[in-house]
1. Consider residue 70 against the criteria (1) under 18 Å from the mean Cα position of the chain (by Cα); (2) modelled with pLDDT of 95 or more; (3) surrounded by fewer than 17 Cβ atoms within 10 Å (Cβ to Cβ): it satisfies all of them except one. Which criterion is unmet?
2. Of all residues in segment 145-171, how many are over 30 Å from residue 214 (Cα atoms), in contact (Cβ under 8 Å) with a residue 24 or more places away in the chain and assigned to a helix (DSSP H, G or I)?
3. For residue 143, which of the numbered conditions (1) under 17 Å from the mean Cα position of the chain (by Cα); (2) more than 20 Å from residue 49 (Cβ to Cβ) fails to hold?
4. Filter segment 172-224 for residues that are surrounded by fewer than 19 Cβ atoms within 10 Å (Cβ to Cβ), touching a residue at least 40 places away in the same chain (Cβ under 8 Å) and in contact with a strand residue (DSSP E or B) (Cβ under 6 Å, 6 or more places away or on another chain); which is farthest from residue 36 (Cα to Cα)?
5. Identify, by number, the condition in (1) more than 20 Å from residue 236 (Cα to Cα); (2) in contact (Cβ under 8 Å) with a residue 12 or more places away in the chain; (3) surrounded by fewer than 23 Cβ atoms within 10 Å (Cβ to Cβ) that residue 96 doesn't meet.
6. On the given criteria, is residue 149 loosely packed, with under 15 Cβ neighbours inside 10 Å and over 24 Å from residue 66 (Cα atoms)?
7. Which condition from (1) surrounded by 15 or more Cβ atoms within 10 Å (Cβ to Cβ); (2) over 26 Å from residue 234 (Cβ atoms) is the one that residue 14 breaks?
8. Return a yes/no flag: does segment 45-65 have any residue that is at pLDDT 95 or above, surrounded by fewer than 19 Cβ atoms within 10 Å (Cβ to Cβ) and not in a helix (DSSP H, G or I).
């Protein structure tokens, strides 16, 4: 699939893949620590927002270790869940988790999803789109594979908004998270890169505009954690 990339985006994709492969073993623990345990609350919001029907089929794009996918199974045991990611080491960790064998794991690039049009009742993602080279195209792919009336739901970080808390939030991103990554995983560089992607990513309003430009309707978002996290949703018409 990488043959469809330009050379620059291919190098970026390979670098991101290597980084996530290096932190796969500690990824879930560090997420739990650096979100103060709120990551589960946000994933539950994603699943509720997806509005999956009974016996529906869900694609979790950029599934990583499958946290959203596994929570979806716990929410509705009748679901069929596909987890797609281009970092096989992350998915290998997910397979070992409780109920990991119930997920269908697919090695796939989020910009070129290997699925037919309109085959999923909903598509979810968590912390995916800020790491792709073309955010709009990633949403277009998700919109393509979801059924008409189905929802595309995105859990993503946001740059710290202006306000009294901004210096505190920047200190947490730039100092606390890299230190936490170094202590727990021994990989400070990965947990320096990830906060940087948050600070340089689009605002929630801009993400909403991109989702609309990708063809999604009724786009909205719900902010969390002082505006540094948002759950976005749009509907395919």
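1. (3)
2. The number of residues fulfilling the criteria is 2.
3. With (1) under 17 Å from the mean Cα position of the chain (by Cα); (2) more than 20 Å from residue 49 (Cβ to Cβ) applied to residue 143, the lone miss is (2).
4. The extreme case among them is 222.
5. Condition (2) is where residue 96 drops out.
6. In short, yes.
7. With (1) surrounded by 15 or more Cβ atoms within 10 Å (Cβ to Cβ); (2) over 26 Å from residue 234 (Cβ atoms) applied to residue 14, the lone miss is (1).
8. Scanning segment 45-65 turns up at least one residue that is at pLDDT 95 or above, surrounded by fewer than 19 Cβ atoms within 10 Å (Cβ to Cβ) and not in a helix (DSSP H, G or I).
The values are calculated or read from the model by the stated rules, or taken from the named source; none is laboratory data. Keep in mind that this is a model prediction, so the values were computed, not measured. Reconstructed Cβ throughout: ideal geometry from the backbone, glycine too, with neighbour counts over all protein chains shown.
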